[in-house]
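Student: Below you'll find the structure I mean.
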């Protein structure tokens with residue numbers, strides 16, 4: 001037996017950590033609270049909505065005392081798959097109609113509403129080490145570029161924008177969601193990336209954004225929908241109402257989204 | 001009384017694998033396996049895991065020897081440090097590697113300035129991430145074998161005038177060879193399955209850094225069937241490894 005030689009703590013520690021983690025991971029899903037006038041609403045939202053939906057979640061909790069908004073952010077494609085596989089979500093806000101279609105095709109959501117649009121920008125690290133000024137600079141083989149994978153909305157938009165510009169760009173990496181792509185810029189591991197304008201704004205001083213004209217041809221519409229099986233029912237509809245309300249639109253436009 | 005939870009435990013471990021087999025798109029399996037991007041990911045995975053294992057052998061066997069045979073202050077601490085990557089979430093390992101070997105990392109900065117070497121987003125980066133995560137398996141296995149080996153042979157060789165290196169090469173290593181092989185196989189399997197550190201440190205690009213586990217993850221987004229096929233390949237590889245270790249693990253009393 002190989003593992004006999006492990007020091008005792010090396011066995012005790014992971015077990016202890018695993019046990020400590022247990023209540024956090026499984027505990028009280030929406031199903032648990034569904035009985036007594038559901039007080040929890042679970043929202044699956046695109047990674048690019050991380051900041052705005054966190055704010056809106058707090059607003060919602062303040063307006064509905066005793067309610068908890070559980071937010072799950074990730075690439076829209078991943079979230080759509082999770083919903084199709086039966087994840088207990090109430091609301092799905094995705095970064096592209098295509099990923100929303102995965103869910104509506106499975107008859108798991110009613111008709112979605114488009115609530116914002118988002119455009120790509122070139123994100124460069126503070127100081128812009130590779131002196132990137134416009135989209136065609138990304139085609140320079142000396143410039144290390146990160147893009148989102150084509151399967152996720154920001155990647156699909158990037159392909160469209162580069163196509164519109166007639167550019168061949170060979171990225172060094174294709175990341176799983178827009179925040180992962182942005183992180184590579186923040187860390188200075190790449191010289192440039194194509195991410196949403198809102199992500200550049202949320203990143204603060206570490207990242208500079210450069211707008212480019214072809215982004216207009218690759219703007220993403222963000223649909224939101226209450227899911228058919230929503231355990232939170234009415235509460236889910238009220239969350240969507242908040243997102244499309246005046247207050248919701250203000251929060252979103254402040255972050256750099258365009259309201260249609 | 002113990003049989004019920006035991007069977008539940010068995011079902012828990014086996015059913016997900018059975019599910020993979022049940023849901024596999026058998027009629028199109030071969031066609032999907034022959035797709036260029038699958039072969040590319042498979043080739044990259046095999047090459048990187050093998051090179052990572054070689055790196056682990058080169059550095060890990062001497063390290064195991066140091067821990068098993070040389071008395072020095074703080075040895076327990078060093079042994080504990082060696083096992084850290086074993087219990088560390090691989091993503092954390094990836095972040096740590098990025099902070100040290102990334103383009104702006106403590107050592108990476110210098111590597112790039114002096115030699116123009118940048119590890120992230122390269123296959124070498126994949127190998128580094130895999131070796132980081134997999135090496136403890138090898139070290140622990142080899143150290144265990146060294147401790148179990150009879151030291152009198154080494155002492156005899158030394159009294160007959162063999163140098164430390166000769167003793168190690170001609171006496172110690174042959175004695176612990178089964179442990180080294182088992183450790184290398186474990187290490188290789190761990191490297192092959194590496195995901196978290198790889199995607200964090202090395203990125204995700206077909207042909208250079210997209211190994212099988214990364215391909216599985218990405219495929220799940222759009223083509224769940226392709227993800228199943230890729231998973232089956234990894235499952236098959238695991239079974240082969242288990243079979244090759246049969247004598248030391250499965251048949252152990």
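Student: Only residues that are more than 11 Å from chain B (Cβ to nearest Cβ) and farther than 14 Å from residue A:215 by Cα: list them for the range A:139-167, please.
Tutor: The answer is A:139, A:140, A:141, A:142, A:143.
Student: Residue under question is residue A:237, and the condition is that it be assigned to a helix (DSSP H, G or I) and closer than 21 Å to residue A:96 by Cβ; does it hold?
Tutor: Details: assigned to a helix (DSSP H, G or I): yes; closer than 21 Å to residue A:96 by Cβ: no.
Taking the combined requirement at face value, the residue does not satisfy it.
Student: Also, quick follow-up: State whether one or more residues within the range B:61-83 are more than 14 Å from every other protein chain (Cβ to nearest Cβ) and either within 19 Å of residue B:234 (Cα to Cα) or in contact with a helix residue (DSSP H, G or I) (Cβ under 6 Å, 6 or more places away or on another chain) (or both).
Tutor: Yes.
Student: Turning to a different aspect of this structure: Could you name every one of the helices (runs of 4 or more DSSP H) located completely within the range B:86-180 that has at least 1 residues being over 20 Å from residue B:205 (Cβ atoms) and modelled with pLDDT of 95 or more?
Tutor: Numbers: elements: B:90-101, B:108-115, B:123-148, B:151-159, B:164-167.
Where helices (runs of 4 or more DSSP H) fall fully within the range B:86-180 and carry at least 1 residues being over 20 Å from residue B:205 (Cβ atoms) and modelled with pLDDT of 95 or more, they are B:123-148.
Student: Still on this structure, please answer the following. Which condition breaks for residue A:110 when tested against (1) crowded, with 18+ Cβ neighbours inside 10 Å; (2) within 26 Å of residue A:247 (Cα to Cα)?
Tutor: (1)
Student: Sticking with this one: Take the range B:217-227 and flag every residue that is within 11 Å of residue A:77 (Cα to Cα), in contact with a helix residue (DSSP H, G or I) (Cβ under 7 Å, 6 or more places away or on another chain) and either buried (at least 20 other Cβ atoms within 10 Å of the Cβ) or touching a residue at least 12 places away in the same chain (Cβ under 8 Å) (or both).
Tutor: B:219, B:220, B:221
Student: Quick one: which residue in A:127, A:66 is within 13 Å of another protein chain (Cβ to nearest Cβ), surrounded by fewer than 21 Cβ atoms within 10 Å (Cβ to Cβ) and on the phi > 0 side of the Ramachandran plot?
Tutor: Numbers: A:66 fails: within 13 Å of another protein chain (Cβ to nearest Cβ).
When all the criteria are applied, what remains is A:127.
Student: Looking at A:142, A:81, A:121, A:151, can you tell me which residue is part of a loop (DSSP other than H, G, I, E, B) and either surrounded by 14 or more Cβ atoms within 10 Å (Cβ to Cβ) or touching a helix residue (DSSP H, G or I) at 6+ places or on another chain (Cβ under 9 Å) (or both)?
Tutor: Details: A:142 fails: either surrounded by 14 or more Cβ atoms within 10 Å (Cβ to Cβ) or touching a helix residue (DSSP H, G or I) at 6+ places or on another chain (Cβ under 9 Å) (or both); A:81 fails: part of a loop (DSSP other than H, G, I, E, B); A:121 fails: part of a loop (DSSP other than H, G, I, E, B).
On inspection, the qualifying residue turns out to be A:151.
Student: Give me the strands (runs of 3 or more DSSP E) completely within the range A:178-231, filtered to those with at least 2 residues that are surrounded by fewer than 24 Cβ atoms within 10 Å (Cβ to Cβ), ordered by residue number. Full working, then the answer.
Tutor: Details: elements: A:192-196, A:207-210, A:220-226.
Because the criterion is at least 2 residues that are surrounded by fewer than 24 Cβ atoms within 10 Å (Cβ to Cβ), the strands (runs of 3 or more DSSP E) in the range A:178-231 that meet it are A:207-210, A:220-226.
Student: With farther than 22 Å from residue B:57 by Cα and buried (at least 16 other Cβ atoms within 10 Å of the Cβ) as the only criterion, which of B:96, B:113 stands out?
Tutor: Numbers: B:113 fails: buried (at least 16 other Cβ atoms within 10 Å of the Cβ).
Selected residue: B:96, the only one of B:96, B:113 that is farther than 22 Å from residue B:57 by Cα and buried (at least 16 other Cβ atoms within 10 Å of the Cβ).
Student: Based on what the data block shows, is residue B:183 within 11 Å of chain A (Cβ to nearest Cβ) and either surrounded by 15 or more Cβ atoms within 10 Å (Cβ to Cβ) or free of Cβ contacts under 8 Å to residues at least 40 places away in the same chain (or both)?
Tutor: yes
Student: Among the residues of the range A:109-129, is any in the same structural domain as residue A:238 (by TED's automatic domain parsing) and without any contact (Cβ under 8 Å) to a residue 60 or more places away in the chain?
Tutor: No, there is no match, as no residue in the range A:109-129 is in the same structural domain as residue A:238 (by TED's automatic domain parsing) and without any contact (Cβ under 8 Å) to a residue 60 or more places away in the chain.
Student: In the range B:99-110, what count of residues is obtained for those that are more than 9 Å from chain A (Cβ to nearest Cβ), under 30 Å from residue B:142 (Cα atoms) and surrounded by fewer than 17 Cβ atoms within 10 Å (Cβ to Cβ)?
Tutor: Residues in the range B:99-110 being more than 9 Å from chain A (Cβ to nearest Cβ), under 30 Å from residue B:142 (Cα atoms) and surrounded by fewer than 17 Cβ atoms within 10 Å (Cβ to Cβ): 2 in total.
For (1) in contact with a helix residue (DSSP H, G or I) (Cβ under 7 Å, 6 or more places away or on another chain); (2) within 11 Å of another protein chain (Cβ to nearest Cβ); (3) touching a residue at least 24 places away in the same chain (Cβ under 8 Å); (4) over 30 Å from residue B:37 (Cα atoms), each residue gets a yes or a no:
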residue	(1), (2), (3), (4)
B:141	yes, yes, yes, yes
B:150	no, no, yes, yes
B:161	no, no, no, yes
B:169	no, no, no, yes
B:188	yes, no, yes, no
B:194	yes, no, yes, no
B:200	yes, yes, yes, no
B:204	yes, yes, no, no
B:209	yes, yes, yes, no
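Student: Residue by residue through the range B:34-49, note down the ones that are surrounded by fewer than 15 Cβ atoms within 10 Å (Cβ to Cβ) and part of a helix (DSSP H, G or I). Talk me through it step by step, then tell me what you get.
Tutor: Step one: of the range B:34-49, the residues surrounded by fewer than 15 Cβ atoms within 10 Å (Cβ to Cβ) are B:34-36, B:39, B:43, B:47.
B:36, B:39, B:43, B:47, listed by residue number.
Student: Same structure, new question: Taking residue B:230 as the residue in question, decide whether it is assigned to a helix (DSSP H, G or I) and crowded, with 20+ Cβ neighbours inside 10 Å. Working first, answer last.
Tutor: On the way: assigned to a helix (DSSP H, G or I): yes; crowded, with 20+ Cβ neighbours inside 10 Å: yes.
Yes, satisfied.
Student: With the requirement that a residue be part of a loop (DSSP other than H, G, I, E, B) and under 15 Å from the mean Cα position of the chain (by Cα), what does the range A:90-118 give you?
Tutor: Initial filter on the range A:90-118 (part of a loop (DSSP other than H, G, I, E, B)): A:90, A:94-96, A:106-108, A:110-112.
Listed by number, the residues that qualify are A:94, A:95, A:96.
Student: Among the numbered conditions (1) within 15 Å of the chain's Cα centre (by Cα); (2) touching a residue at least 60 places away in the same chain (Cβ under 8 Å), tell me where residue A:155 comes up short.
Tutor: Among (1) within 15 Å of the chain's Cα centre (by Cα); (2) touching a residue at least 60 places away in the same chain (Cβ under 8 Å), residue A:155 violates only (2).
The values are calculated or read from the model by the stated rules, or taken from the named source; none is laboratory data. In this text the structure is predicted, and so the values were computed from the model without any measurement. Every residue, glycine among them, receives a Cβ derived from its backbone with ideal geometry; neighbour counts consider all protein chains shown.
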